[in-house]
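In what follows, a single structure is set out as structure tokens and then discussed.
Coordinate-derived values only; no laboratory data. Bear in mind that the values here come from a model prediction, so they are computed numbers and not experimental data. Counting neighbours? That spans all protein chains shown, and the Cβs are built from the backbone with ideal geometry, glycine included.
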Amino acid sequence: MAEIRADAQARLAEILSRSADYAETGGSFPDRLPVIALTGKLLMSQYEAVLRWCQWAEDAVDQWAGVTPATGATVPPFAFTTGWPNPDTGDRAD
């Protein structure tokens, strides 16, 4: 999970840097800026989702003594549903 997190952080930082440049200068292809903006937002959202998943998975794994039910692993809340647990209450927080 640490490698997945590091990769997502690096990719998100790159996308944010490029997005800031596009917002400031219009980029090399200003006529394509509307499409570039849509794609950039998609990529930002994907890597933000990966980072949210990493936090959720790390929180679950931190409670485990092993990786099987016999050694203490449990299915984390919301593993088989949409949405994410609220970190304060544990309820669904979308």
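Note down the relative contact order for the chain as a percent, whole number, built from C-alpha pairs under 8 angstrom at least six residues apart. Taking the mean separation of contacting Cα pairs over the length of the chain, I get 22 percent. The structure-derived value of volume of the Cα convex hull per residue in Å³ appears in the list (1) 118; (2) 97; (3) 126 under the label (1). Modelled this way, with points 7 Å down the Cα-to-C-beta line, the labels at Thr71 and Trp84 are 2.8 nm from one another. Shown for Leu33, Leu38, Leu12: other C-beta atoms within 10 Å of each C-beta, ranked fewest to most, produce the order Leu38, Leu33, Leu12.
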